[in-house]
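Working notes, structure below.
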Amino acid sequence: MQFAIKLKGQYVQIIVHFPTSVCLVGNCPGRNDFQWCFSQVKGAIDEDVAEADIISTVEFNYSGELLATGDKGGRVVIFQREQESKNRPHSRGEYNVYSTFQSHEPEFDYLKSLEIEEKINKIRWLPQQNAAHSLLSTNDKTIKLWKISERDKRAEGYNLKDEDGRLRDPFRITSLRVPVLMPMDLMVEASPRRIFANAHTYHINSISVNSDHETYLSADDLRINLWHLEITDRSFNIVDIKPANMEELTEVITAAECHPHQCNVFVYSSSKGTIRLCDMRAAALCDRQSKFFEEPEDPSSRSFFSEIISSISDVKFSHSGRYMMTRDYLSVKVWDLNMENRPVETYQVHEYLRSKLCSLYENDCIFDKFECCWNGSDSAIMTGSYNNFFRMFDRNTRRDITLEASRENSKPRAVLKPRKVSTGGKRKKDEISVDSLDFNKKILHTAWHPKENVIAVAATNNLYIFQDKIN
């Protein structure tokens, strides 16, 4: 479509391109019919799941060709996407295990008589600079920078040692050899390049790589530190909300993230449901925020659980940097960075649980920390729920859909059927009663491919991968 407007006596031609409209979450009139289908599932089928095998974080790298998971046993498993096969040129490659390594070990702080779990809290990829890949992984106390590299050649023909590695007698060497590189089976090595330790008194809940790709921030309950990737022995404390008297503590930091384009800007969320945007150019210690985002509470809906369910468990900038998304217990909110007084969009994730808050408080489920993620174009968002359900919201059409990660639907290219939860007495055939939901099956961690409609969903010890199927 193109048209012309008159501007200061001159005509200016404007050309506008309207992309083909695709509805991401179900059937939409006048739009391409978009469906999600099963692709893969990773993990054991055992009924008795070991605590160490439970997945605790999921993250695609910048290209989407690698997918990393961390678990409660301190292991990191990296999956690599296979190239499309010539036999099936239109089928996208599957993700297969590329590398597995032990990132963290259990430790014991003898000074505080405190056990430090090996559980991987977060993984963040760094942009690829050469043939190797790099990622940051963290447990409660220590952050590590890992280099993942490939080796398919080995040197042979050394002068001072035999092929089996034994040293040769120098006096018996009569001629010099030039070592040569010989091909070998591909080997993927993971090596720790940096260890960032002893900077957090409390449990680390977030790490985020800055847009300058030289620094990153790490956040615990009361402090946020800024690190340089090359320097391990010191960091800069940029936020400290610890009061002089701990009895006066009213909130804790729950998540933090760097702006995707402005390396001086970051946000952090709190257990009170507020978000603070800070500018590191304003002061060395960002104890005064540049912007303060908070939605006024409706006094009529206030209850004993209001403060607990308003606690923000995750905050994510959109890829464009214009918006940010927050997840509390019952909803996902999208904020415009230019409007602080209320979110521009609010999506109810599982509003039917509001009447169940008392029992959820008793079984501690009310404290579960659900994450959320954007798709590559910021037009859709995804987050998890209970009963292995996960929710997707299309920002353009305001439609939503509930899908289930289940081995029952694990046939290749099987289309996922939308699920619905019944709150009333009479339920339809395909609906599930809210009283039948399994709160032990929960999806806390999800990830969306940065360029394609491929999603990864962690359900206890299983990793499900789904992709689109446009009819």
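The values are calculated or read from the model by the stated rules, or taken from the named source; none is laboratory data. Treat the numbers as computed from the prediction; the structure is a model and nothing was measured. Counting neighbours? That spans all protein chains shown, and the Cβs are built from the backbone with ideal geometry, glycine included. Heads up: the accessible areas ignore ligands, DNA and RNA and are worked out on the full protein's heavy atoms, side chains in. Shrake-Rupley method; radii C 1.70, N 1.55, O 1.52, S 1.80 Å.
Considering the range 246-256 alone, what residues qualify as being within 17 Å of Lys122 (Cβ to Cβ) and either open to solvent by 30 Å² or more (accessible area, probe 1.4 Å) or β-branched (Val, Ile, Thr) (or both)?
Within the range 246-256, Val252, Ile253, Thr254 meet the criteria.
Check Glu163, Glu150 and return the single one that is part of a loop (DSSP other than H, G, I, E, B) and touching a strand residue (DSSP E or B) at 6+ places or on another chain (Cβ under 7 Å).
Every option except Glu163 fails the conditions.
If you check Phe367 against the conditions, is it closer than 28 Å to Glu94 by Cβ and modelled with pLDDT of 90 or more?
no
When you scan the range 410-439, how many residues do you find that are within 18 Å of Phe390 (Cβ to Cβ) and in contact with a Cys (Cβ under 9 Å, 6 or more places away or on another chain)?
Number of matching residues: 4.
Tell me yes or no: at least one residue of the range 266-273 is hydrophobic (A, V, I, L, M, F, W, C) and surrounded by 21 or more Cβ atoms within 10 Å (Cβ to Cβ).
Within the range 266-273, one or more residues are hydrophobic (A, V, I, L, M, F, W, C) and surrounded by 21 or more Cβ atoms within 10 Å (Cβ to Cβ).
Okay, residues lined up against (1) touching a helix residue (DSSP H, G or I) at 6+ places or on another chain (Cβ under 7 Å); (2) open to solvent by 70 Å² or more (accessible area, probe 1.4 Å); (3) in a loop (DSSP other than H, G, I, E, B):
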{"residue": "Pro127", "(1), (2), (3)": "no, no, yes"}
{"residue": "Leu145", "(1), (2), (3)": "no, no, no"}
{"residue": "Arg154", "(1), (2), (3)": "no, yes, no"}
{"residue": "Tyr158", "(1), (2), (3)": "no, yes, yes"}
{"residue": "Phe171", "(1), (2), (3)": "no, yes, no"}
{"residue": "Ser191", "(1), (2), (3)": "no, no, no"}
{"residue": "Ala199", "(1), (2), (3)": "no, no, yes"}
{"residue": "Asp212", "(1), (2), (3)": "no, no, yes"}
{"residue": "Asn225", "(1), (2), (3)": "no, no, no"}
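Which one is least open to solvent (accessible area, probe 1.4 Å), of the residues in the range 173-189 that are touching a strand residue (DSSP E or B) at 6+ places or on another chain (Cβ under 7 Å) and β-branched (Val, Ile, Thr)?
Out of the qualifying residues, it is Val188.
Checking Thr250 against (1) modelled with pLDDT under 95; (2) part of a strand (DSSP E or B): exactly one of these is not met. Which one?
With respect to (1) modelled with pLDDT under 95; (2) part of a strand (DSSP E or B), Thr250 is out only on (2).
Within the range 408-446, track down each residue that is β-branched (Val, Ile, Thr), open to solvent by less than 40 Å² (accessible area, probe 1.4 Å) and part of a loop (DSSP other than H, G, I, E, B).
Ile443 - this is the single residue of the range 408-446 that is β-branched (Val, Ile, Thr), open to solvent by less than 40 Å² (accessible area, probe 1.4 Å) and part of a loop (DSSP other than H, G, I, E, B).
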